[in-house]
Each structure stands twice: as C-alpha cells, then as structure tokens.
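Below is one structure, written out as structure tokens; the observations come after it.
What follows draws every value from the coordinates through simple rules; no lab data is involved. Since we're looking at a predicted model, the values are computed, not measured. Quick reminder, even Gly has a Cβ in these numbers, built from the backbone with ideal geometry, and neighbours come from all protein chains shown.
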Amino acid sequence: MDETDEGKTLVELGYARKGVIVLAVRRGDEWHIMPPYTAFKVKNGDILLVKYYSESEEFIEKLEKEEDREEMIEEIQEEEWEE
C-alpha cells in the first residue's frame, strides 16, 4: 500500500477481485480484525494481514516493500520478547 491508497476503502482498492482477502489491519498499536470492506478506509502506514491464492503472489509482491517486511518482522519479534 502506498500514499495514493490512503482514504480508499478495501472495496475501492480491489484486493478481493485480485484474490486477496484482508484478514486484519494493524494501525499503530490497534488491530482491526476482519474490517468491513465497504466502510473501512486505509491510512498510510497501515499494515494489512492478508490471505491470498498462489495466483495472486505477483500482485502481492508489487504491494510489499522488502524494507517494510524486515521492519515488521523486527517489530513483531520485539513485541514477543516484551511479553
């Protein structure tokens, strides 16, 4: 997700049409589990937890940035150590 996606609903982003299901969205310290596709608007910095078919892998790779993925992994590992 990039800056141009901010303020769009999950329907407007069209992930479901591409075989991508949004299971949850992490916004700051909050998790939005199974957000409503028609009303939930994404913000820059949101982290989307998705499920997708292997046919959608190329689309997913375009959405994610390697440095973002590494940063997310580090954050999750830090949280696990704190618990």
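Summary table below
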quantity	calculated
Qualifying positions in segment 22-49 - under 10 Å from the mean Cα position of the chain (by Cα), part of a loop (DSSP other than H, G, I, E, B) and over 13 Å from Leu10 (Cα atoms)	Gly45
Selection count where residues are farther than 16 Å from Leu63 by Cα and out of contact with any His (no Cβ under 9 Å at 6 or more places or on another chain), scope segment 24-53	14
Segment 31-54, subset hydroxyl-bearing (Ser, Thr, Tyr) and within 16 Å of Glu6 (Cα to Cα), residue surrounded by the most Cβ atoms within 10 Å (Cβ to Cβ)	Tyr37
